[in-house]
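Only one structure is covered here, and it is reproduced in the block below.
Derivation of every value follows stated rules applied to the coordinates shown; laboratory data play no part. Note that the coordinates shown come from a computational prediction; the quantities given were computed from them, not determined experimentally. Backbone-built Cβ (ideal geometry, glycine too); neighbour counts: all protein chains shown.
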Amino acid sequence: MDEALFRSPRKHGRIMVLLSGRGSNFLAIHDAVRTGAIDAEIALVFSNKADAPGLAAAQARGLETMSLDPKLFPDKPAYDNEIIREARAREIDLIILAGYMKIVTPGFCDAFPYRIVNIHPALLPAFPGLHVQQRAIDWGVRWSGCTTHFVAAEVDAGSIILQASVPVLQDDTEDSLAARILIEEHKIYPETVRLYFQGRLEVRGRRVFILE
């Protein structure tokens, strides 16, 4: 058996959320935080877009928010370095990408190994990248779904944590398939964060084991 590369901490955690849009997965996670299902607090909700609906939703819930315009920085590493500084200043334990439409740099990944998670609306390793629901329909797959994973430098290539599947119906459109997948996203993303702070995720090689 491969030696464990990482085991998540059992502790009350501090979360930073990165989003670019409505933040529905962030809201699902915060709902689980508020009910006590997740032993953590959301310390900051950050966006690359000042008008992101997810920021307004976070403010309405009394959470600290921040936005930074990438155009004000000379390059991607400089932008990500500022996010790194904000995360470290708040002693963040886990960074959650919730519809964050920017590719994080390798330096960002290196700063928080196994401390950044993402959700992808397909069954990885199939259909990484964008427009994945339409691609699944076009390929004629019978099943699609969603995947939570640790974030690595290569896009959508980090170790898989949880997955959920939905059937692809013959009359599906990109929107109808996305809507069914989103229901499952709102289940497995909070569960991923819950397991993380219960100290139950262990990485061995590429595989993530869920400990009892």
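List of remarks:
- Cα centre as origin, Lys/Arg/Asp/Glu Cβ charges: the chain dipole, Debye: 400
- Farthest positive-ward along the range 118-212 dipole, Cα basis, beta-carbon charges - from PRO190, ALA122, CYS146: PRO190
- Order of ASP39, ASP156 - criterion: other Cβ atoms within 10 Å of each residue's Cβ, fewest first: ASP39, ASP156
- Report summary: the helix-based calculation at 222 nm, which adds -39500 (n - 2.57) for every DSSP H run with n ≥ 4 and divides by the residues of the chain, gives -10500 deg cm²/dmol.
- VAL141 paired with LYS76, simple spin-label distance in nm, labels 7 Å along Cα-to-beta-carbon: 2.4
- For the range 4-77 versus the range 183-199, the gap between their alpha-carbon centres in whole angstrom: 14
- Most to least packed among 198-204, 23-29 [average Cβ atoms within 10 Å]: 23-29, 198-204
- Distance in nm between pseudo-label sites at ASP51 and GLU202 (7 Å out along the Cβ direction from Cα): 5.0
- Summed residue charge, Cβ within 12 Å of VAL208's Cβ, Lys/Arg positive, Asp/Glu negative: +3
- Tensor-based shape of the range 6-78 (alpha-carbon gyration tensor, a/c under 1.5 rounded, otherwise prolate or oblate): oblate
- Other-chain or far-sequence residues with amide H under 5 Å of ILE161's (modelled H): THR148, HIS149, PHE150
- Cα shape, the chain, gyration tensor, a/c 1.5 rule: rounded
- Using θ = phi - 60° and Karplus 6.51 cos²θ - 1.76 cosθ + 1.60, couplings along the range 97-106 (whole Hz; Gly, Pro as x): 8, 10, x, 8, 8, 10, 7, 6, 7, x
- Order by protection proxy (mean Cβ within 10 Å, highest first), peptides 87-100, 4-17: 87-100, 4-17
- Table column - 3J(HN,Hα) (Hz), the range 110-118, Karplus curve with 6.51, -1.76, 1.60, x for Gly and Pro: 5, 6, 9, x, 6, 10, 10, 10, 9
- In a fully extended conformation the segment linking ASP31 and ARG61 would gain 9.8 nm over its present Cα-Cα distance, using 0.36 nm per residue.
- Length-normalised contact order for the chain - Cα pairs under 8 Å, 6+ apart - percent: 26
- For the range 1-96, a crude dipole built from +1 on the beta carbon of Lys and Arg and -1 on the beta carbon of Asp and Glu, taken about the Cα centre, is about 180 debye to the nearest 20.
- Sequence-distant residues sharing a close amide H with ARG14 (under 5 Å, placed H): GLU41, ASP93, LEU94
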